[in-house]
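Worksheet: the structure to be examined is printed underneath.
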Amino acid sequence: MNDKFLKPYSPSETESRIYELWEKSGYFNPDKLPKRHKEPFSIVLPPPNVTGILHLGHAYEDSLQDAVIRYQRMCGKKTLWIPGADSAAIATQARVEKDIQKSEGKSRHDLGREELVRRVYEFAKSSEGTILSQIRKMGASLDWSRYAYTLDEKRNLAVFTAFKRMYDAGLIYRGHRLVNWDPKGQTTISDDEVVYQEEKAKFYYFQYGPFVIGTSRPETKFGDKYVVVHPDDARYKDFSHGQKIELEWINGPIAATVIKDAASDPEMGSGAMTITPWHSLADFEIAERHNLDKEQIIDKYGKLLPTAGEFAGMKITEAREKIVAKLLEKGLVVKIEENYMHNIATSERTGATIEPQIMEQWFIDVNKPIPERGNKSLKELMRSAVENGDVEMPQEGFRSTYFHWIDNLHDWNISRQIWFGHRIPVWYRGTEVYCGMEAPKGEGWEQDPDVLDTWFSSALWPFSTLGWPEETGDLKVFYPTAFMSPAYEILQLWISRMILMGEFHLGKAPFKRVLIHGLVRAKDGRKFSKSLNNGIDPLDMIEKYGADALRMGLLVGAAIGSDIKFDEQKVKGYKHFANKLWNIARFVLSQEKPVGGELKKELIEEFEALAKDITADMEAYRFHLAAEKAYHYVWHRLADEILEESKGSERGSVKAEYIATLYYLLENSLKLLHPFMPFITEEIWGEMRKENILMIEPWPIS
RNA sequence: GCGGGCUUAGCUCAGUUGGUAGAGCAACUCAUUUACACUGAGAAGGUCGGGGGUUCAAGUCCCUCAGCCCGCACCA
């Protein structure tokens, strides 16, 4: 027996050595697994931000997925777990721009597009190593030979091909539509990156000719030349649709037109409203229905345009009070409510208030029937994939959320006004438009300046990582993948879009099952956040207690789907358990293993029943129960009872008839624990002088 | 407005197809230099949020009420 067993178990002296052993073995790569591993089983790691650092949310996902992969590998599956990183374009560019501004006092425009993109790319690449080495510390058995980055050559080809095919199919189009404009980030953002925040504001009622209209945004009202009432509203029955009315407004007399549309709610205020189609989705839709004029009032920087007359050039917040003052003076203010609660749209990334704008942007049409997909639209494809069970979503609640989201889905705005990312592969020359990776022959072609939404490339991830659009062996063998286990935050943003892309490009959803997990929260139930300064670094936990203990602390007792309140004490408890296991091994290994010794039948049967039970839990994705049962058996049955019974009368002696059984139970317990506590189990296994490493040993029940 | 979730021991949470309520931590009593103090044994702690129903049997299924939380939409 090795001397190291005379000391308590030391994760820090063990883990990196064991990880190296695994990497050297090559078994993370399915192509190098022994012959018995036939049936493919693949998952794709949700790619972390390339410039990020490991947080407990990653640590939890890594623990969960690695437990599944290790279990499946031991069961004889040909397992592939693909690592990768995401360029997180907006966040990464913003970060680098800020650094350059600070150190060199230069803006992105001073540097120019090419230089900035180069610098951002370099920065991303230089910090890539950090997150990757941190994932290794968790013990994740990822096939590093297949590592993918959203901006590498293969993924670029995938993004281009996806765009081109959707463009040719008429699913990607360019149009003037209302988008979410972030005046701070100077880019559009998707609906799912808009966060609504409650705010107390003033609500104004103005006299608008014969009507009283209400608004919380007086600064948008300059261009309001349509007043909308419900067709059935008796109060306005004397006005007809299309009727013109002369009235006095902010900057003088205007001609307003009466519009009758059911979108106006008679219960709301006076039942009459004016509309600002350029800066409101609801208004935009009314304007589209009646073919009304749309006029821009606010520019890209949140300032009023010349149409605002004397207020032109002012910021909206500044203009608001002044406009109200002017209307007061003119006697057009009917009433002001002080405590009006409403939601304002803000950018998740920059925190700026979103200013809806009509802009010429690129969109994915989610409603257009697709002939080669049975005339279903993308929306319908997303729905049917889950409805018909191609993608299992066993958690009822999340299924409803998914369907609800699809029903409310608008066309997806995919162009972003930043420089770092996948550039839109479209070229213009006068009125000519060409979609291609390179400019067409001839002079004067200009590429579209925008880049694609980060989620466009992320949506291709489950197959771009397998080599698509090339018909690779990986794609044949490993697509679709077994499952995805995202946090519920990302269901709409990512999961649904991967289903969309998989269904369109491959005719098959990219994974067979979605298991949505909760958020890892602080012990008091609050989110971890920079502002609360309550963050816990998983690496600190690994240093103090070991990766095995952290993995157990995150997995045990946490049913998938509900939030996890992270408790350091729990992790500490599993460190104690690791040491317990260590001492069990010391006790058993202090005895020479008998050749062909008799096994105690009842103890073996008891163990087999446990192994069967745990296997059922693993198959049903009840990892929290599987881990806890293995833990409980090893500590409170094997150590507390069986080992005690086996002790001989003399100190340190073991009854001869027990020794073979103890070896059996220890070996097989190590197997049951390996998916959860890979390091210590592999380390003890190694001391037992086995032929193979534990990672590819057969699971106790096949 | 639409949709979803949660409520079980002091705390944090498990509890699978309905079949005698579980774990970790904390607190309590005792033991002990042991494979292991990163220890062991024991005891204590629960009308499973309230009420009603189905059932031989309900923490689990149904209805209802309450509290807490979340997603989506609207917001003139």
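Side notes on the structure shown:
- First in the stretch A:202-214 and closer than 13 Å to residue A:224 by Cβ and within 9 Å of RNA strand B (Cβ to nearest atom), second anywhere and among the small types (Gly, Ala, Ser) and not in a strand (DSSP E or B), Cβ under 6 Å, 6 or more apart: A:214/A:269
- Filtered residues of the stretch A:1-46 (kept if surrounded by fewer than 12 Cβ atoms within 10 Å (Cβ to Cβ) and either under 29 Å from the mean Cα position of the chain (by Cα) or away from RNA strand B (no atom under 16 Å from the Cβ) (or both)): A:20, A:24, A:34, A:35, A:36, A:38, A:39
- Restricting the first member to the stretch A:385-407 and to residues that are touching a residue at least 60 places away in the same chain (Cβ under 8 Å) and within 18 Å of residue A:494 (Cβ to Cβ), and the second to residues that are near RNA strand B (Cβ under 8 Å from one of its atoms) and outside any helix (DSSP H, G or I), the beta-carbon pairs closer than 6 Å and six or more apart or on different chains are A:395/A:561.
- Single condition residue A:631 does not satisfy, out of (1) within 16 Å of RNA strand B (Cβ to nearest atom); (2) assigned to a helix (DSSP H, G or I); (3) over 20 Å from residue A:548 (Cα atoms): (3)
- Residue match in the stretch A:135-157 (condition: free of Cβ contacts under 8 Å to residues at least 40 places away in the same chain and not in a strand (DSSP E or B)): yes
Residues checked against (1) more than 30 Å from residue A:243 (Cβ to Cβ); (2) at pLDDT 90 or above; (3) under 22 Å from the mean Cα position of the chain (by Cα); (4) within 16 Å of RNA strand B (Cβ to nearest atom):
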site: A:122; (1), (2), (3), (4): yes, yes, no, no
site: A:148; (1), (2), (3), (4): yes, yes, yes, no
site: A:156; (1), (2), (3), (4): yes, yes, yes, no
site: A:163; (1), (2), (3), (4): yes, yes, yes, no
site: A:168; (1), (2), (3), (4): yes, yes, no, no
site: A:189; (1), (2), (3), (4): yes, no, yes, yes
site: A:220; (1), (2), (3), (4): no, no, no, yes
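- In the stretch A:238-292, counting only strands (runs of 3 or more DSSP E) that sit wholly within it, the ones holding 3 or more residues that are within 28 Å of residue A:353 (Cα to Cα) and within 16 Å of RNA strand B (Cβ to nearest atom) span A:272-274.
- Subset of the stretch A:377-431 (residues that are more than 16 Å from RNA strand B (Cβ to nearest atom), out of contact with any Lys or Arg (no Cβ under 9 Å at 6 or more places or on another chain), charged (D, E, K, R) and more than 25 Å from residue A:150 (Cα to Cα)): A:429
- Contact annotation: residue pairs with Cβ atoms under 6 Å, 6 or more positions apart or on different chains, pairing a residue in the stretch A:18-30 that is without any contact (Cβ under 8 Å) to a residue 24 or more places away in the chain with a partner that is surrounded by fewer than 15 Cβ atoms within 10 Å (Cβ to Cβ), are A:26/A:32.
- Counted residues, the stretch A:590-626 - those being assigned to a loop (DSSP other than H, G, I, E, B), more than 10 Å from RNA strand B (Cβ to nearest atom), surrounded by fewer than 18 Cβ atoms within 10 Å (Cβ to Cβ) and basic (Lys, Arg): 1
- Exactly one residue out of A:690, A:671 is more than 16 Å from residue A:629 (Cα to Cα) and out of contact with any Leu (no Cβ under 6 Å at 6 or more places or on another chain), and it is A:690.
- Residue A:465, sole failed condition from (1) within 16 Å of RNA strand B (Cβ to nearest atom); (2) touching a residue at least 12 places away in the same chain (Cβ under 8 Å); (3) of a type in the set (Ser, Thr, Tyr): (1)
- Reported count of residues in the stretch A:474-495, each being more than 24 Å from residue A:417 (Cα to Cα), out of contact with any Gly (no Cβ under 8 Å at 6 or more places or on another chain), of a type outside the set (Lys, Arg) and not in a loop (DSSP other than H, G, I, E, B), is 7.
- For the stretch A:352-384, taking the residues that are free of Cβ contacts under 8 Å to residues at least 40 places away in the same chain and in a loop (DSSP other than H, G, I, E, B), the one that is surrounded by the most Cβ atoms within 10 Å (Cβ to Cβ) is identified as A:377.
The values are calculated or read from the model by the stated rules, or taken from the named source; none is laboratory data. Here the structure is a predicted model, which means the values were calculated and not measured. With ideal geometry, Cβ positions are generated from the backbone for all residues, glycine too; neighbour counts draw on all protein chains shown.
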